[in-house]
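Some notes on the structure that comes next.
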Amino acid sequence: GYFYSRWNKCIHSSHDLSDIVFIDNYIFNKDVFIQFNSTVGEFVGYTELGVFNARKWNSDSGRLQSERAQVDICKHNAEAYQRVVADKS
């Protein structure tokens, strides 16, 4: 069979969240074929299909704007987590 999944994550190591990064992976049969990384600011393809989709998705300003906005959501959630959990331990 075939296996498709999409994993996204927010990564940071500083307490002030100045280094927060949003990563959105598209995975087919356990291999990432396309990825959005907020540091890069656009989609990057790792396979023939991924390169094709990256080119198409990067030309869609609405889609890019939506992905780039995820960093703000990451930051908001990380700040809430720090207030509620991390700062109390």
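Note: the chain, Cα convex hull, 113 Å³ per residue. Within the chain, the longest run free of chymotrypsin sites (Phe, Trp or Tyr not before Pro) that sit in a DSSP loop with at most 15 other Cβ atoms within 10 Å is 47-89. Here residue 31 and residue 80 are evaluated by their C-beta separation; at R0 = 30 Å the FRET efficiency comes out at 0.35.
Dipole check for the chain: with +1 at the C-beta of Lys and Arg, -1 at the C-beta of Asp and Glu, and the Cα centre as origin, the magnitude is about 200 Debye.
With a cut-off of 14 Å between beta carbons, the residues surrounding residue 40 carry a summed charge of -2, where Lys and Arg count +1 and Asp and Glu -1. Positive contributions from Lys and Arg (+1) and negative ones from Asp and Glu (-1), summed over other residues with Cβ under 13 Å from the Cβ of residue 27, come out at +1. Compared with the dominant principal axis of the Cα atoms in the chain, helix 48-58 is inclined by about 60°. Taking all protein chains as shown and a probe of 1.4 angstrom, residue 12 keeps an accessible surface of around 70 Å².
The 1.4 Å probe gives accessible areas that order 56, 30, largest first, as 30, 56.
The values are calculated or read from the model by the stated rules, or taken from the named source; none is laboratory data. Note that the structure is predicted; figures quoted are calculated from it, not measured. Using ideal geometry, Cβ is built from the backbone for each residue, glycine included, and neighbour counts are taken over all protein chains shown. When the accessible area is computed, the model is the full protein with side chains, heavy atoms only, and any ligands, DNA or RNA have been set aside. Shrake-Rupley method; radii C 1.70, N 1.55, O 1.52, S 1.80 Å.
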